[in-house]
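Laboratory data are not the source of any read-out in this text; all were calculated from the coordinates shown. None of these values were measured; they are calculated from a predicted model. Note that we place each Cβ from the backbone using ideal geometry, even for glycine, and neighbour counts take in every protein chain shown.
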Amino acid sequence: MQQEAGVGGEALEVWIDQDLCTGDGICVQYAPEVFELDIDGLAYVKGADDELLQSAGASTPVPLPLLTDVVDSARECPGECIHVRRASDGVEVYGPDVT
Ligand code: SF4
């Protein structure tokens, strides 16, 4: 089983608010293992088997080796719609909702 990223040892997961996605594909350039553009032109996260999770707002675990790429995606996302949160309680740790 692949080790998942965490803050203070906690597992993290990432989701995208497709309502705000501009479809520029920056996240896919940073972390193609996690993000993919669907035929609707919007970005979605991918599941453990590399399948696209096409339901809006679906989340997927952040693999530890990809944490930096995922966080950079959230920082650079022009739609400010990539959210990284703790799996245990849903508190956002990287993304537009972090103050
Ligand atoms: S970087 Fe943000 S706005 Fe751009 S495709 Fe990815 S989720 Fe959408």
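The charge dipole of the chain, taken about the Cα centre with unit charges on the Cβ atoms of Lys, Arg (+1) and Asp, Glu (-1), comes to about 220 debye, rounded to the nearest 20.
Among 59, 73, 88, a tally of other beta-carbon atoms within 10 Å of each Cβ gives an order, fewest to most, of 88, 59, 73.
Multiply the residue separation of residue 68 and residue 91 by 0.36 nm, subtract the distance between their alpha-carbon atoms, and state the gained length in nm to one decimal.
On the way: separation 23, 0.36 × 23 = 8.28 nm, distance 1.84 nm.
Taking residue 68 through residue 91 to full extension adds about 6.4 nm, to one decimal.
Stretch residue 52-residue 76 to full length: gain in nm at 0.36 nm per residue minus the Cα-Cα span? Please report the intermediate quantities before stating the final value.
Values: separation 24, 0.36 × 24 = 8.64 nm, distance 2.16 nm.
Extra length available between residue 52 and residue 76 comes to 6.5 nm.
Full extension of the segment from residue 19 to residue 38, taken as 0.36 nm per residue of separation minus the current Cα-Cα distance, would add 5.5 nm. Enclosing the Cα atoms of the chain in their convex hull gives a volume equal to 92 cubic angstrom per residue. Can you tell which of 65, 22, 44 lies farthest toward the positive end of the dipole of the chain, using +1 and -1 charges on the Cβ of basic and acidic side chains (Lys, Arg; Asp, Glu)? So the residue furthest toward the plus end is 65.
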